[in-house]
Amino acid sequence: MGRMAVVEVAELTKTFVVPEREAGLRASIKALVRRKHREVHAVEEISFEIGEGEVVGFLGPNGAGKTTTLKMLSGLLYPTSGEARVLGHVPSKRERDFLRRITLVMGNRNQLQWDLPALDSFELNRAIYRIRRSDFTPLRDELIGLLDVGDLVRKPVRNLSLGERMKVEIVGSLLHRPQVLFLDEPTIGLDVTMQKRIRSFVADYNRRYGATVLLTSHYMADVVALCRRVVVIHHGRILYDGDLARLGAEFAAYKTIAVDLLDGAVSLEAYGEVVEREGDRVVLRVPKEETARVTGRLLVEQKIADLTVHDPPIEDVIELVFAEPK
Amino acid sequence: MSAARVAWLFLKVGVLNELQYRVNFVVQLFQSLIQVGTGLAVLALVYSHTDELNGWSESELLTVLGIQILLGGAIRAAVQPNMVQLMEDVREGTLDYALTKPEDAQLLVSVRQFRIWQLTDLVSGAILVAVGLGGVERSVGPLDAIAFGAALSLGGVMIYCFWLLITTGSFWIVRMEHVLELFEGVYQTGRWPVGVYPLWLRYTVTFLVPIAFAVTVPAEAMTSRLDAGTLALSFAFGTALFAFTRWFWRFGLRHYSGASA
């Protein structure tokens, strides 16, 4: 890579101690007297680096430790052990120089003044981040233009739809031109058009300002569209860190072979699992190591108009990864 | 200086927010009148039986009542709503946003809300103070006025500290709302000078919940009975309490884990 590391994480660990009890009244009363605690290892000794200007997707099922990691990187949580550095700062110290250069966007929470037009909240952010008027106004108007929210910023936030609110939120969180963006589920609950809009905006912002982006999302489409590199986290540990494209090769146990037959009547059950059949087109699923052999046999033994081999869709691969026991 | 600017902007936004709910003004005015009315009725009742209470005349006690109402209005306008919001934010995890801002977190959580209509109490309290002082024989000198201002500010700071200490507790104990009602109850003791209470209660409302410092001490200043020692004690206690509160707040922040997404 050769680029300067903006985010450096070394054996970062976060353990929560949570009270635990059985359901029911009896257990509740017992818990009043003697509380049982359990340690939850939200994040366990994870290490990775993110270079300047990189857009990295953080993948994992609910409770995998994505948000906990993001919160440690943005200075909200103190790590139990290990080390994190963002832009050379230790996040948990919450130094102003650090906070002025990052932003955190959480898709399920809002920070704008509920009863006021977003423009008023933007002014508050201008004061908090000490942005000069001459820097503030052009950037604000540029962001408003990019996300096409010119009409929305003048309406009270409570009157906006979820998607509109999210766009306005994003404008608010980028007014100080942060160099590092932590985006936690920025498109959650939004319709497809709105998701696309936000995606292309993030890509645009990354290009224009060379900002580093760490993104978590449930929607694979977000990750596929934005991130060349993904970090897959499960049960608080990193399972994979590398090119999104290679994730399939690494984890998928099978490939799919799509065959266009000249004679659609023949059965191909003998070659592999038939997952789709439509007229003369048949899609087979075969174990990865047998792909070459099955392809060879098909070409020799059947009359074939066309044949293509695919990696399985990334959603399926992810599902497969998380289905594996710890 | 820039911190003051941030506080000022939040105040403005708070006012803008409140202006949208103009009905609140009428409701608040009505509440304020009831509060003043009952206070006056009780005072009249007490002084129909006696000429002075523990050395305080009726006019002087009117001043005490005025200060209590005035400060109560200020607390409900500026302190209480912020602390209630803080409790909510801790429970719902929205405090995250305040903590990722490059501004002192304590300042931010203390200035985000402002209930301007509560200031009706500030006005009615001030009127009571003025009327009360009109009935006092000795006139109020400039030194008394300065001492009053200092004592009242210190008292306000102490009440704020008390609130923030309790609210910081929500980092560990999630439900703190009942504290709100508890405070309202205890605050009513401020209508009478602390001298009238038994010793244990006097200590409670002086050092545990610093109402004596906030109401009685300023009233003593206005009625020329404040000695320098009490004011110095108020200053020392206020400073110590503020320092402790700040430490406790930071300690609490370290334990904040945020509501999970």
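The values are calculated or read from the model by the stated rules, or taken from the named source; none is laboratory data. What you see is a predicted model; the values in this text were computed from it and never measured. Every residue, glycine as well, gets a Cβ built from its backbone with ideal geometry; the counts of neighbours run over all protein chains shown. Each accessible area value is taken on the protein alone, full model and side chains, heavy atoms only, with ligands, DNA and RNA left out. Shrake-Rupley method; radii C 1.70, N 1.55, O 1.52, S 1.80 Å.
What FRET efficiency do you get for residue A:148 and residue B:186 if R0 is 60 Å and r is their Cβ-Cβ distance, rounded to the nearest 0.05?
0.65
For the protein assembly as shown, max minus min Cα coordinate along each principal axis, in Å, sorted largest first?
117, 58, 45
Keeping the other protein chains in place, figure out the carbon and sulfur percent of the accessible area of the range B:167-261, with a 1.4 Å probe.
Here it works out to 70 percent.
At 1.4 Å probe size, with no ligands or nucleic acids counted, give the accessible surface of residue A:260 in Å², nearest ten.
40 Å²
Need one value for B:12-19: mean number of C-beta atoms belonging to other chains within 10 Å of its residues' C-beta atoms.
Rounded to a whole number, the mean comes out at 3.
Quick check on chain B: helices-only [θ] at 222 nm, where DSSP H runs of length 4 and up contribute -39,500 (n - 2.57) each and the sum goes over total residues. Nearest 500, please.
Result for chain B: -22000 deg cm²/dmol, rounded to the nearest 500.
Using only Cα atoms, find the angle between the long axis of helix B:2-19 and the longest principal axis of chain B, and express it within 0 to 90 degrees, rounded to the nearest 10.
80 degrees
I need the fraction of alpha carbon pairs in the range B:93-227 separated by more than 26 Å, rounded to a whole percent.
35 percent
Taking Rh as the Kirkwood radius computed over C-alpha pairs, what is the Stokes-Einstein D of the range A:1-125 at 10 °C in a medium of viscosity 1.306 mPa s, expressed in µm² per second?
91 µm²/s
Give, as a single signed number, the net charge of other residues whose beta carbon lies under 11 Å from the beta carbon of residue B:151, with Lys and Arg counted +1 and Asp and Glu -1.
After counting each charged neighbour, the total is -2.
Can you list the residues in the range B:99-117 whose accessible area drops by at least 20 Å² when all protein chains are present, compared with the chain alone? Use a 1.4 Å probe, heavy atoms only.
Checking the loss per residue gives B:99, B:100, B:101, B:102, B:103.
Net charge around residue B:51, counting only other residues with Cβ within less than 14 Å of its Cβ (Lys, Arg = +1; Asp, Glu = -1)?
-4
Counting only the heavy atoms of the protein chains, how much of residue B:91 is accessible to a 1.4 Å probe, in Å² to the nearest 10?
Counting only protein heavy atoms, the figure is 80 Å².
For chain A, set up a GNM with springs between Cα atoms under 10 Å and report which of A:63, A:51, A:145 has the largest fluctuation.
Answer for the Gaussian network model of chain A: A:145.
Taking only Cα atoms, what is the 0 to 90° angle, nearest 10, from helix B:23-47's long axis to the longest principal axis of chain B?
40 degrees
Note every residue of the range A:110-146 with a reduction of at least 40 square angstrom in accessible area, all protein chains present versus the isolated chain, computed with a 1.4 Å probe, or write none.
A:111, A:113, A:115, A:116, A:124, A:127, A:128, A:129, A:130
Once both axes come from the Cα atoms, what is the angle between helix A:162-174 and the longest principal axis of chain A, in degrees from 0 to 90, rounded to 10?
Once rounded, one gets 60 degrees.
Counting only heavy atoms of protein chains, what accessible area per residue, in Å², does chain B have with a probe of 1.4 Å?
On a per-residue basis, 46 Å².
Taking 0.36 nm per residue of sequence separation and subtracting the Cα-Cα distance, how much length would be gained by fully extending the chain between residue A:263 and residue A:62, in nm to one decimal?
Extending this stretch completely gives an extra 67.7 nm.
Counting only C-alpha contacts under 8 Å and six or more residues apart, can you give the relative contact order of the range A:124-236 as a whole percent?
For the range A:124-236, the relative contact order is 24 percent.
For residue A:85, tell me the accessible area in Å² from a 1.4 Å probe, rounded to the nearest 10.
For residue A:85, solvent-accessible area is about 80 Å².
How well do other chains shield peptide B:160-170, expressed as the mean number of their Cβ atoms within 10 Å of each residue Cβ?
Other-chain Cβ atoms within 10 Å of each residue's Cβ, averaged: 0.
Antiparallel as a % of all DSSP beta bridges within chain A, to the nearest 5?
Here the antiparallel bridges make up roughly 70 percent for chain A.
Excluding ligands, DNA and RNA, what is the accessible area buried between chains A and B, summed over both sides, using a 1.4 Å probe, to the nearest 100 Å²?
Chains A and B together bury roughly 2900 Å² of accessible area.
7 Å from Cα along Cα→Cβ at both residue B:49 and residue B:12: what's the point-to-point distance in nm?
5.4 nm
What order do A:263, B:144 take when sorted by accessible area (1.4 Å probe), most exposed first?
From most accessible down to least: A:263, B:144.
Please list the equivalent ellipsoid semi-axes of the range B:77-135, computed as the square roots of five times the alpha-carbon gyration tensor eigenvalues, in descending order and whole angstrom.
The equivalent ellipsoid of the range B:77-135 has semi-axes of 35, 11, 7 Å.
Could you please report the charge total around residue A:155, scoring K, R as +1 and D, E as -1 over all other residues with beta-carbon less than 12 angstrom from its beta-carbon?
-1
Just to be sure I understand the model, the point goes 7 Å from the Cα along the line to the Cβ. What's the resulting residue A:23 to residue B:208 distance in nm?
Here the modelled spin labels are 4.1 nm apart.
Under a 1.4 angstrom probe, counting protein chains only, how are B:116, A:233 ranked by accessible area, largest first?
B:116, A:233
For the range B:1-64, which trypsin sites (Lys or Arg not before Pro) are in a loop by DSSP, counting at most 15 other Cβ atoms within 10 Å?
Here the sparse-neighbourhood loop sites are B:22.
Accessible area per residue of the range A:172-326 at 1.4 Å probe, in Å²?
Using a 1.4 Å probe on heavy atoms only, each residue of the range A:172-326 averages 49 Å².
Once label points are set 7 Å from the Cα along Cα→Cβ at both residue A:41 and residue A:278, what is their separation, rounded to one decimal in nm?
A separation of 4.6 nm, rounded to one decimal place.
Taking beta carbons within 10 Å but only from partner chains, what does the mean come to for residues A:63-74?
2
Ranked by accessible surface with a 1.4 Å probe, highest first, in what order do A:14, A:196 come?
Final ranking, largest accessible area leading: A:196, A:14.
Give A:71/A:288; A:14/A:255; A:196/B:12; A:196/A:255; A:167/A:288 a once-over and call out the pairs whose C-alpha atoms are over 31 Å from each other.
From the list (A:71/A:288; A:14/A:255; A:196/B:12; A:196/A:255; A:167/A:288), the Cα-Cα distance tops 31 Å for A:71/A:288; A:14/A:255; A:196/B:12; A:167/A:288.
Taking all protein chains as present, what is the carbon and sulfur share of the accessible area of the range A:253-310, in % to the nearest whole number, probe 1.4 Å?
The C+S portion of the solvent-accessible surface of the range A:253-310 is 50 percent.
Please give me, ordered by residue number, the GluC sites (Glu not before Pro) of the range A:87-166 that lie in loop per DSSP and have at most 16 other Cβ atoms within 10 Å.
Counting only loop positions with at most 16 other Cβ atoms within 10 Å, the GluC sites (Glu not before Pro) in the range A:87-166 are A:95.
Extension gain residue A:155-residue A:221, at 0.36 nm per residue separation less the Cα-Cα distance, in nm?
Contour length minus the Cα-Cα distance gives 20.7 nm.
Counting only DSSP beta bridges with both residues in the protein assembly as shown, what percent are antiparallel, rounded to the nearest 5?
Rounded to the nearest five, the antiparallel share is 70 percent.
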